[in-house]
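Read the structure below first, then the notes.
The values are calculated or read from the model by the stated rules, or taken from the named source; none is laboratory data. Note that this is a predicted model, so its numbers are computed, not measured. With ideal geometry, Cβ positions are generated from the backbone for all residues, glycine too; neighbour counts draw on all protein chains shown. These area figures cover heavy atoms from the full protein model, side chains too; ligands, DNA and RNA do not enter into them. Shrake-Rupley method; radii C 1.70, N 1.55, O 1.52, S 1.80 Å.
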Amino acid sequence: MRYRTQSAAQTQQLARQFVEELLRSLPKQGTATVVGLSGELGAGKTTFMKGVARHLGITEEITSPTFVIQKIYEIPARLIPEGEEAPCQRFQRLVHLDAYRLSSGEELAAIGWHDTLTDPANLVFIEWPEMVESVLPLRARRIVFEAPEGGDPDERRITIEGEEGEGAREA
Ligand code: ADP
Ligand code: MG
C-alpha cells in the first residue's frame, strides 16, 4: 500500500498505524520480526522509528543509530485495566539498526545478529537493509521511503510492502 505524508507528524501517525496492523496480524513464528526501512538519507526512516517507539510506549528519545549501528529499547508492558486478563505481550524489545556504514551481512554477526533473530520477543527495524540483505530473513517486511524532488519539501511517499496483495515476498 502506498501512502503520501505531508509532515514528520503524519509519517509518525502512519508508523503507529503500521505497528497496530503488525500486532494484529502477527504470524506465529519462533523468530524475531524484522522490518526493513529503505530510502535515501533524509527520506524519513528514523522519523518513522520515533513514531513506532512512541506507540510502543518507549519514552526514551530515539536517535539515529548510524554511528553505533544498533540501539535496543525495552518495550514497557501495556497497562491492563483492573479486572481484565493480561494479554500475552509478544514483543519485549525494540531493536533499531542502521546498516548504512556496514558493507556486508557478516558485520552484523559481530554485534549478535544471530541471537537477535532467534528471539521472538524482538521487534527489529533496520535502516539500509540493502547493505546486509544476505542475512535478512526472507519473511522480513519492507517499507520504502521516497522524498519526491521538487514541490513540497515535506512530502514523502511511503510504500508498505506486503499489505493487501502488495506482493509480499514469501519465505
Ligand atoms: P532518514 O532516517 O531516512 O535519513 P530522518 O527521519 O532522519 O531520515 O530525516 C527526515 C527529515 O525530514 C526530518 O528532519 C523530518 O523532520 C523531515 N521531514 C519533513 N517532512 C517529512 C515527512 N513527511 N516525513 C518524514 N520526515 C519529514
Ligand atoms: Mg536514519
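The GluC sites (Glu not before Pro) of region 12-61 meeting both criteria, a DSSP state outside H, G, I, E and B (loop) and at most 16 other C-beta atoms within 10 angstrom of the site's C-beta, are GLU40, GLU60, GLU61. 3J(HN,Hα) couplings calculated from phi for region 28-45 with the Karplus curve 6.51 cos²θ - 1.76 cosθ + 1.60 (θ = phi - 60°) are, in sequence order, 6, 9, x, 9, 5, 9, 10, 10, x, 10, 9, x, 5, 4, x, 6, x, 5 Hz; Gly and Pro show x.
Here the chain is treated as a sphere whose radius is the Kirkwood value from Cα pairs; by Stokes-Einstein at 4 °C and 1.567 mPa s it diffuses with a coefficient of 78 µm²/s. Counted over the chain, the DSSP beta bridges are approximately 45% antiparallel. Cross-link partners for LYS28 among the aspartates and glutamates, with Cα-Cα distance under 16 Å and sequence neighbours closer than 8 places in the same chain left out: ASP119, GLU170. Rounded to the nearest whole Hz, the Karplus-based 3J(HN,Hα) values (6.51 cos²θ - 1.76 cosθ + 1.60, θ = phi - 60°) of region 2-10 follow the sequence 9, 10, 10, 10, 10, 6, 4, 4, 5, with x at glycine and proline. Placing unit charges on the Cβ atoms only, positive for Lys and Arg and negative for Asp and Glu, gives the chain a dipole magnitude near 160 debye about its Cα centre. Annotation note: GluC sites (Glu not before Pro) in region 76-171 located in DSSP loop regions with a Cβ neighbour count of at most 10 within 10 Å are GLU82, GLU84, GLU85, GLU149, GLU164, GLU170. Averaged per residue, the chain has 56 square angstrom of accessible surface, using a 1.4 angstrom probe with ligands and nucleic acids left out.
A Förster radius of 25 Å, combined with the Cβ-Cβ distance separating ARG54 from ARG93, puts the computed FRET efficiency at roughly 0.95. Charges on Cβ only, +1 for Lys and Arg, -1 for Asp and Glu, centred on the Cα centroid of the chain; of VAL132, VAL95, THR118, which one is farthest towards the dipole's positive end? Going by the charge dipole, the pick is THR118. Counting only heavy atoms of the protein chains and using a 1.4 Å probe, LYS71 has close to 50 Å² of accessible surface.
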